[in-house]
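Peer 1: Following this message is one structure expressed as structure tokens.
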Amino acid sequence: MKEVFLYYILVKNKIMEKEFFENSPIPAGDKPKPEEKEKIVFRAGMSPTESNKKIGPIRSHFYNYAFAKSEAEKGKDSKIIFRVDDTDKEKHTKEKTEDIFRFFTDTLGFRFDITPHNAEKEIGQSVFQSERQEIYQGYLEELFDKHVAFIDKESGLVLFDIKKFIDQYEDTLEIDDLLRGKIKFKLEGNLRRGQKFFPLMRSDKSALYHLASVVDDKTFGVTHVVRGQDKLSIAEFQEMVRISLGLEPKKYLHTPMLLDAEGKMPKGAVKFDDFIKQGIVPHALISYMVSSGYGNPETIYPSLDEFIKNFDYEKIHKNNGKFDQEKLDDINRKLIRKMTPEIYLSSFLLYLVKNNENQLAEQLKDDDNLGKLLVSFRRTPEESLDILRSVLNPQHEEINAEMKKIIKQLLVELDKSAEKIPTPEMLGLEKRKVYDGLRWILVGKYTFPNIDQVFNYLRNKNLLRSRIELAKQTCSEDALPS
């Protein structure tokens, strides 16, 4: 008993000792500071125009977005800002801005951290360049003071003087590109080509890209600029502005371009919506765009999140790629088979809307069984549209005398009972001919996916009897020649 009591006292003392040290106040200077996360800021600069819906710029935005989000996945304080480049008052409107923002968020699935809707709350300033003109004016005054900017009397433009920059600073500039290493620019080359100046501000005092972009990066705290390789040619101009203002350098990453078969910038159907209208589902187009310039081009990414999960900027290709329609079509077919029913139907609805098939889209939204029918077939949007039209409003193909005879036999059996499909055994006919006839009766054509499911759909919707009557009328002696 004594040993038990002593053990109790010993344990009690240990507990009290532990509680004493845990609850004792620690001097403020001795408290360990929480480890600060590395802060990284990316920006997606968007002019509210249709050009940002082209697959070339979109692909660069994908790499930019994936880089930002993958850094956050690693535990870093990484954010991406949606910046609105809307300084052209005639072309840029709030409606166009909302349209391009919704395109990236609703259609492509981007989740920006700083947006036109939360910027004032999150960072205390607007992301609309049109609302930041006073800020630009302040930085412009500094360029005037350093004699590298002046107002052109003839045009009223504010211009940057390359020669004066060279005289004050240096002839050779260098940027740090994460993909391409150190890139040098010889500024004297601009002078030899006759380019002595570049514009900073319009005559109406609205800032232009080279000034606004540099100032925004400073005030937003941007650390990384990811953009297409075609923007490499303007990097030297922005660097001249940055150096003149004494601002910290950024890390760049210039992504490869997606060119046509001849190695040129693609023309024609190059907008995202153009491909949707052709029957390419968004997930397939996204997968093709990112994989065609990243890692193993044969990899298929079923979603943007899947691409971000293991993203590594070092796997981005350095060389430009060529657009391959056959490869895109192949990815489209493969992803359609793997999609969830919800994603498949939403992709098909988008296809209908883009092709102005709004009435069919509404019918599909209101009819769950019709959606299940289309999901069971898993065809491309173009093929699914043909199926949808045939199921809802068949246009009967012409038939020959032999098929007409078979169809009439089928109609007799269906008149007796429309609860089950007539079998080849009942009619004493070949299975193929029986099902060809049934397809014609129900959807107006011989070639069609599983007719049993269509039969069940029409029966459950109480449409089977009217479909049989339509087939009778169409199959009459007067309707089609023997």
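Just so it is clear, none of the values below were taken in a lab; they were calculated from the coordinates. Fair warning: this is a prediction, and the values are worked out from it, not measured in the lab. Cβ: placed from backbone, ideal geometry, glycine included. Neighbour counts: every protein chain shown.
Peer 1: Rounded to the nearest 5, what % of DSSP beta bridges with both residues in the chain are antiparallel?
Peer 2: Details: 16 of 36 bridges.
Bridges in the chain that DSSP calls antiparallel: roughly 45 percent.
Peer 1: Next question, about the same structure. Over all directions, the average projected area of the alpha-carbon convex hull for the stretch 394-482 comes to how many nm²? Don't skip to the answer; put the middle values down first.
Peer 2: On the way: hull surface 20.7 nm².
Reported value for the Cα convex hull: 5.2 nm².
Peer 1: If amide hydrogens are placed 1.01 Å from N in the peptide plane, which non-local residues have theirs closer than 5 Å to the one on Leu259?
Peer 2: Counting only residues 5 or more places away or on other chains, the set is Gly321, Lys322, Phe323.
Peer 1: Let me ask something additional. For the stretch 323-482, calculate the relative contact order in percent as a whole number, restricting contacts to Cα pairs under 8 Å that are 6 or more residues apart. If you can, show how the numbers build up before the last one.
Peer 2: On the way: 128 pairs, mean separation 34.5, N = 160.
Taking the mean separation of contacting Cα pairs over the length of the stretch 323-482, I get 22 percent.
Peer 1: Just list whichever of Lys186/Lys264; Lys74/Lys318; Lys408/Lys461; Lys79/Lys121; Lys39/Lys96; Lys89/Lys196 have alpha carbons separated by over 20 Å in the model shown.
Peer 2: Numbers: Lys186/Lys264 26 Å; Lys74/Lys318 24 Å; Lys408/Lys461 24 Å; Lys79/Lys121 15 Å; Lys39/Lys96 31 Å; Lys89/Lys196 27 Å.
Violating the 20 Å Cα-Cα cut-off are Lys186/Lys264; Lys74/Lys318; Lys408/Lys461; Lys39/Lys96; Lys89/Lys196.
Peer 1: Now for a separate question. Work out the length of the dipole vector of the stretch 381-434 about its Cα centre, built from +1 on the beta-carbon of each Lys and Arg and -1 on the beta-carbon of each Asp and Glu, and round it to the nearest 20 debye. Working shown, then result.
Peer 2: Details: 9 positive and 11 negative charges, 56 e Å.
The dipole magnitude comes to about 260 debye.
Peer 1: To the nearest 10 degrees, how steeply does helix 209-220 sit against the main Cα axis of the chain, on a 0 to 90 scale?
Peer 2: 80
Peer 1: So what J values fall out for the stretch 68-81 if you push phi through Karplus, 6.51 cos²θ - 1.76 cosθ + 1.60 with θ = phi - 60°, rounded to Hz, Gly and Pro as x?
Peer 2: Karplus values, whole Hz, x for Gly and Pro: 4, 6, 5, 5, 5, 4, 7, x, 8, 7, 10, 9, 10, 9.
Peer 1: Select one label from (1) 42.7; (2) 31.8; (3) 27.6: the one whose number is mean projected area of the Cα convex hull in nm² as derived from the coordinates shown.
Peer 2: It is the one labelled (1).
Peer 1: Which ³J(HN,Hα) values, rounded to whole Hz and listed in residue order, are derived for the stretch 245-262 from phi using the Karplus coefficients 6.51, -1.76 and 1.60 in 6.51 cos²θ - 1.76 cosθ + 1.60 with θ = phi - 60°, glycine and proline given as x?
Peer 2: 8, x, 8, 5, x, 10, 8, 10, 8, 9, 7, x, 8, 9, 9, 7, 4, 8
Peer 1: Computed from the mean reciprocal separation of all distinct C-alpha pairs, what Kirkwood hydrodynamic radius does the stretch 272-339 have, in Å? Walk me through the numbers before you get to the answer.
Peer 2: Working: mean 1/r = 0.0811 Å⁻¹.
Kirkwood radius, the stretch 272-339: 12.3 Å.
Peer 1: How big is the gap, in Å, between the Cα center of the stretch 53-97 and the Cα center of the stretch 346-363?
Peer 2: Value for the Cα centre distance between the two parts: 28 Å.
Peer 1: Rank the residues Ile343, Ile441 as a footprinting-exposure proxy: fewest other Cβ atoms within 10 Å of their Cβ go first. Don't jump to the answer; show the numbers that get you there.
Peer 2: Details: Ile343 17, Ile441 24.
With the fewest neighbours first, Ile343, Ile441 line up as Ile343, Ile441.
Peer 1: What are the GluC sites (Glu not before Pro) within the stretch 113-197 that DSSP puts in a loop, where the Cβ has at most 13 other Cβ atoms within 10 Å? If you can, show how the numbers build up before the last one.
Peer 2: Details: sites: Glu120, Glu122, Glu131, Glu134, Glu141, Glu142, Glu154, Glu170, Glu174, Glu188; in loops: Glu154, Glu170.
Those satisfying the criteria are Glu154, Glu170.
Peer 1: On to the next question. Given the rule -39500 (n - 2.57) for each run of at least 4 DSSP H residues, summed and divided by the residues of the chain, what is its mean residue ellipticity at 222 nm, to the nearest 500 deg cm²/dmol?
Peer 2: Numbers: 22 runs with 238 residues, N = 482.
Result for the chain, helices only: -15000 deg cm²/dmol.
Peer 1: Right, next: With everything on Cα atoms, drop me the angle between helix 431-443 and the longest principal axis of the chain, reported from 0 to 90° to the nearest 10.
Peer 2: Approximately 70 degrees, to the nearest ten.
Peer 1: For the chain, take the longest principal axis of its alpha carbons; what is the angle in degrees between that and the long axis of helix 368-377, to the nearest 10 within 0 to 90?
Peer 2: 90
Peer 1: So which lysines pass the test for Lys404, namely a Cα distance under 17 Å, with those fewer than 8 places away in the same chain ruled out?
Peer 2: Correct list for Lys404: Lys431, Lys433, Lys445, Lys472.
Peer 1: Ok, one more. Identify the GluC sites (Glu not before Pro) of the stretch 273-332 meeting these criteria: DSSP loop state and at most 12 other C-beta atoms within 10 Å of the C-beta. Display every interim value, and only then the final one.
Peer 2: Numbers: sites: Glu298, Glu306, Glu314, Glu326; in loops: Glu298.
Sparse-neighbourhood loop GluC sites (Glu not before Pro): Glu298.
Peer 1: Counting only DSSP beta bridges with both residues in the stretch 133-255, tell me the antiparallel percent, nearest 5. Kindly include the intermediate steps, with their values, before the conclusion.
Peer 2: On the way: 14 of 21 bridges.
The answer is about 65 percent antiparallel.
Peer 1: While we're on this one: If amide H atoms are built 1.01 Å from N in the plane of the peptide, which residues on other chains or at least 5 residues away come under 5 Å of the amide H of Met201?
Peer 2: It is Val158, Leu208, by chain and number.
Peer 1: Now for a different question. For Asp366, Asp88, Asp77, what ranking results if the residue with the fewest other Cβ atoms within 10 Å of its Cβ goes first?
Peer 2: Details: Asp366 9, Asp88 15, Asp77 12.
Final ranking by Cβ density, sparse to dense: Asp366, Asp77, Asp88.
Peer 1: Can you give the extra length, in nm with one decimal, that the chain gains between Thr93 and Lys182 once fully stretched, where that is 0.36 nm per residue apart less the Cα-Cα distance? Don't skip to the end; give the middle numbers.
Peer 2: Details: separation 89, 0.36 × 89 = 32.04 nm, distance 3.85 nm.
Extra length available between Thr93 and Lys182 comes to 28.2 nm.
Peer 1: Which loop trypsin sites (Lys or Arg not before Pro) in the stretch 365-436, with loop taken from DSSP, have no more than 13 other Cβ atoms within 10 angstrom of their Cβ? Working shown, then result.
Peer 2: Values: sites: Lys365, Lys372, Arg378, Arg379, Arg389, Lys404, Lys405, Lys408, Lys416, Lys420, Lys431, Arg432, Lys433; in loops: Arg378, Arg379, Lys420.
Passing both the DSSP loop test and the Cβ count: Lys420.
Peer 1: Expressed as a rounded percentage, what relative contact order does the chain have, with Cα pairs under 8 Å and six or more residues apart? Don't skip to the end; give the middle numbers.
Peer 2: Working: 609 pairs, mean separation 55.7, N = 482.
It comes to 12 percent, rounded to a whole number.
Peer 1: Would you order Val226, Val241 from fewest to most other beta-carbon atoms within 10 Å of each residue's own beta-carbon? If you can, show how the numbers build up before the last one.
Peer 2: Working: Val226 27, Val241 24.
Ordered by Cβ neighbours within 10 Å, fewest first: Val241, Val226.
Peer 1: Based on the alpha-carbon gyration tensor of the stretch 340-380 and its eigenvalue square roots a ≥ b ≥ c, which shape applies: rounded if a/c is under 1.5, prolate if not and a/b is larger than b/c, or oblate?
Peer 2: Numbers: a/c = 1.98, a/b = 1.32, b/c = 1.49.
Oblate.
Peer 1: Whole-Hz ³J(HN,Hα) for each residue in the stretch 142-159, computed from phi via Karplus 6.51 cos²θ - 1.76 cosθ + 1.60 with θ = phi - 60°, x for glycine and proline: what do you get?
Peer 2: 5, 5, 4, 4, 8, 6, 9, 10, 8, 9, 6, 5, 6, 9, x, 6, 8, 10
Peer 1: Okay, next question. Tell me the Kirkwood hydrodynamic radius of the stretch 30-111 in angstroms, computed as one over the mean inverse distance between distinct C-alpha pairs.
Peer 2: It is 14.3 Å.
Peer 1: Also, quick follow-up: Treating only the Cβ atoms of Lys and Arg (+1) and Asp and Glu (-1) as charged, compute the dipole magnitude of the chain about its Cα centre; round to the nearest 20 debye. Walk me through the intermediate numbers first.
Peer 2: Working: 78 positive and 80 negative charges, 177 e Å.
Using Cβ point charges on Lys, Arg, Asp and Glu, the chain gives about 860 debye.
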